[in-house]
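Trainee: One structure, pasted below without further comment.
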Amino acid sequence: MAPCLPLAIKLTRRAVARRDLFCELVQKITKPSQAEAAFAFHAFAFKADEHAFARELLSRRTELWLFRANQRAFCGDFLAVDMSNPRRVQRRAYVIELKRGMPVRIGGGAVGLQLQNATVAVRTLARERGLLGDEATCVTVSGDGAEIIGMFTSARLTTEYA
């Protein structure tokens, strides 16, 4: 039987600085049994360029709280919450789906299998962590990681969809 895992875990700059620290973070948060440890780790493990994306985004945009989405929960690759606004009802959430080499697509709602539970994941962050208002919505962002980082660091994404 698979363990009951969260939809997302909060990443820190320290946790993404080294892969072994990320493994410790997953272990600490999910608290799997010895038999379930591999399943828990693989639900949150980074693939391809995802680790570099997380490290770069967290180093450039310190006001973002970045969460690694459970890869078996169909809620994107990452969830990001812009914490720069002190009022939680005015904070913006982003669901990020990395697609190497693809042009960036913003909005359009959470469609497709990989994003089918994106709204549920964002509302769970709102309810369980109190980061967002109760009626929290999200902006979906999909495409190449480097381009997405460029959009976040140029503030185009946060000003156009505020």
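Trainee: Yes or no: L5 more than 17 Å from G145 (Cα to Cα), more than 14 Å from the chain's Cα centre (by Cα) and in contact (Cβ under 8 Å) with a residue 60 or more places away in the chain?
Mentor: Working: more than 17 Å from G145 (Cα to Cα): yes; more than 14 Å from the chain's Cα centre (by Cα): yes; in contact (Cβ under 8 Å) with a residue 60 or more places away in the chain: yes.
When the stated conditions are applied, L5 passes them.
Trainee: Can you run down the residue pairs with Cβ atoms below 8 Å, 6 or more apart or on separate chains, where the first is in the range 93-105 and more than 18 Å from N117 (Cβ to Cβ) and the partner is open to solvent by 20 Å² or more (accessible area, probe 1.4 Å) and among the aliphatic types (A, V, I, L, M)?
Mentor: Qualifying pairs under 8 Å: R100/A48; V104/M151.
Trainee: Please go through the range 9-29 and pick out each residue that is without any contact (Cβ under 8 Å) to a residue 24 or more places away in the chain and either surrounded by 15 or more Cβ atoms within 10 Å (Cβ to Cβ) or in a helix (DSSP H, G or I) (or both).
Mentor: R14, A15, D20, L21, C23, E24, L25, V26, Q27, K28, I29
The values are calculated or read from the model by the stated rules, or taken from the named source; none is laboratory data. The model shown is predicted, which means the values in this text are computed figures rather than measured ones. All Cβ positions, even for glycine, are placed from backbone atoms using ideal geometry, and neighbour counts span all protein chains on display. For accessibility, only protein heavy atoms count, side chains too; no ligands or nucleic acids. Shrake-Rupley method; radii C 1.70, N 1.55, O 1.52, S 1.80 Å.
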